[in-house]
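Structure record follows, encoded as structure tokens.
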Amino acid sequence: TGIAVGDSTVYRRMSERRDVSAAAAFVLDHSASMHEVDPGASTNRMQRLAQATAAIASAIANERHVATALMTYTNLNDLIRLRWLKDFGQPGSRLKGAVGAMTHGQYSGTPTTQALLEAYNVIRKRHEPRKVIFLITDGEANDRPSACQAAAAIAALGAILIGIGIGANAPAMPIPGWLSINNVSELPDRLPEIVRNVLARPA
């Protein structure tokens with residue numbers, strides 16, 4: 001047919017498609033306050049966050065070239081616990097299966113500095129041009145000045161750092177685009193929207 005019409009591209013179709021090439025790490029506060037039940041709620045904050053994280057997995061499942069990882073952080077006395085529930089090498093479907101582990105375990109404080117540095121140390125080795133860290137917390141960092149310094153350094157090194165405070169008493173850190181969600185019940189709807197908007201930004 002191409003010879004007959006004198007056009008070798010007769011069957012070629014042109015369409016515009018925007019691929020997303022990103023590595024996204026979700027860094028989730030697993031401290032004691034996250035296991036509190038807010039007035040009028042039937043589930044605690046951690047359970048709501050687990051639901052929201054599962055929703056995120058669904059929201060970005062159709063995005064191309066988005067690698068995801070999930071880490072929770074807390075400390076018990078002097079023992080800092082940074083736990084990767086899903087790493088970048090595992091398929092996106094693993095994110096949904098990992099959320100069940102978020103509601104169990106010992107917990108106490110909020111070592112935000114160590115969590116941010118650990119997340120950046122892992123994500124900086126990724127080949128994707130866009131590297132995004134989503135920090136989600138409902139409490140003040142154990143060492144706020146140190147956490148703010150870590151956040152500033154990560155942003156200066158080129159990673160996109162998004163901070164989300166949940167609950168009426170959530171902290172506000174000097175992170176560009178810091179967002180607050182006062183009503184924890186909004187998490188399952190708001191969080192996927194936030195993630196989509198960040199991934200849609202030009203690399």
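Brief remarks on what is shown
- Extension gain (nm, one decimal) between residue 193 and residue 126, 0.36 nm per residue minus Cα-Cα: 21.7 nm
- Calculated accessible area for segment 81-203 comes out at 48 Å² per residue, all protein chains present (probe 1.4 Å; ligands, DNA, RNA ignored).
- Taking all protein chains together and rolling a 1.4 Å probe, residue 130 ends up with roughly 20 Å² accessible.
- Area projected by the alpha carbon convex hull of segment 85-203, averaged over all directions, nm²: 7.9
- Around the amide H of residue 181, modelled in the peptide plane, lie the amide H atoms of 165, 166, 167, all under 5 Å away and 5 or more residues distant in sequence or on another chain.
- Ranking by accessible area, most exposed first, for 107, 73 with a 1.4 Å probe: 107, 73
The values are calculated or read from the model by the stated rules, or taken from the named source; none is laboratory data. All values derive from a computational prediction rather than experimental measurement. We work out accessible area using only protein heavy atoms, side chains counted, and drop any ligands, DNA or RNA first. Shrake-Rupley method; radii C 1.70, N 1.55, O 1.52, S 1.80 Å.
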